[in-house]
Amino acid sequence: MKIPMKNFLEIAKKAALLSGEIQMSHLGRIEKIEFKSDINLVTNVDKQCEAEIISLIQSEFPTHDILAEEGSGKRKDSDYKWIIDPLDGTTNYAHAYPLFCTSIALEHKGEIIVGVVYEPNLRELFIAEKGGGATLNHQPLKVSPIADLRRALLATGFAYNVGEVSDNNLNHFENFILNAQAVRRDGVAAVDLCYTAAGRFDGFWEINLFPWDVAAGYLILEEAGGKITDFKGRPFNVYSKEITASNSKIHSAMIQILQMKSL
């Protein structure tokens, strides 16, 4: 029997809101911080949020696969896979910088069909259903009309291995700074994608991301009328390591910049 899409959406929404409540209740009062690498950290709140999200999803869909950032999920060879970032923006959270979120997506046979991102500081709930559009707090989302890169506000980020690899996005950052109106870097890829869907940003690019960083935001932006590819304009999937996202109008211009050599 086919499960109605609204059932998936309701569980994803409920889980994201619950995670946001946990985050806000512990903000500024973190009990434990661990380091997965030199600057890549995880808190007890990340782990608590992930446990609660997975528990809720598995109570409704016990046969579904789970892919979660902190590794709590298990492979069950299902056609359905939940892709979860319990706390995107952990560094922000650890410093009580008020921008972070929970990102939950559902993949069915390789296609993202549900995306939910909840940013609890502003109580903003972004939701998308494949083919059903995207909303922010139940109001329709639409990308910006900006068509000139020189008038575009962009966003990007840097991976935790930025100091260890040569392909670290610094060259692209420099090129865009000199060719766009401005660039912001707030450290929450899921929010960057949602803000592009909402027309707050006109474009976003980054490298070395993981599926849980982009799966929900990818669908939300696409359903809001945006465009997402790799750096060469080829079709994007959530397991790619580079993403170019835009309002579609400046996409070609962004691709041209991404193909430039360092200045």
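Annotations for the structure displayed:
- Boolean, Ala96 is at positive phi and of a type in the set (A, V, I, L, M): yes
- Number of the condition not met by Asp85 [criteria: (1) more than 22 Å from Val191 (Cβ to Cβ); (2) in contact (Cβ under 8 Å) with a residue 24 or more places away in the chain; (3) in contact with a strand residue (DSSP E or B) (Cβ under 8 Å, 6 or more places away or on another chain); (4) not hydroxyl-bearing (Ser, Thr, Tyr)]: (1)
- Condition met for Leu99 (over 14 Å from Trp212 (Cα atoms), in the same structural domain as Gly20 (by TED's automatic domain parsing) and in a loop (DSSP other than H, G, I, E, B)): yes
- Residue within the range 203-212 that is surrounded by 21 or more Cβ atoms within 10 Å (Cβ to Cβ) and within 8 Å of the chain's Cα centre (by Cα) present: yes
- The set of residues from the range 181-198 being part of a loop (DSSP other than H, G, I, E, B), free of Cβ contacts under 8 Å to residues at least 60 places away in the same chain and in contact with a Leu (Cβ under 8 Å, 6 or more places away or on another chain) comprises just one member, Gln181.
- Here the condition is being touching a residue at least 12 places away in the same chain (Cβ under 8 Å), more than 20 Å from the chain's Cα centre (by Cα), within 22 Å of Gly133 (Cβ to Cβ) and not assigned by TED's automatic domain parsing to the domain that holds Leu106; of Lys232, Lys249, it holds for Lys249 alone.
- Restricting the first member to the range 95-121 and to residues that are buried (at least 24 other Cβ atoms within 10 Å of the Cβ), and the second to residues that are assigned to a loop (DSSP other than H, G, I, E, B) and not hydrophobic (A, V, I, L, M, F, W, C), the beta-carbon pairs closer than 6 Å and six or more apart or on different chains are Phe100/Gly89.
- With respect to the conditions (1) modelled with pLDDT under 95; (2) closer than 15 Å to Val117 by Cβ; (3) in a helix (DSSP H, G or I); (4) not aliphatic (A, V, I, L, M), Phe173 falls short on a single one, namely (2).
The values are calculated or read from the model by the stated rules, or taken from the named source; none is laboratory data. Because the structure is predicted, anything quoted here is derived from the model rather than measured. Cβ atoms come from the backbone with ideal geometry, glycine included; neighbour counts cover every protein chain shown.
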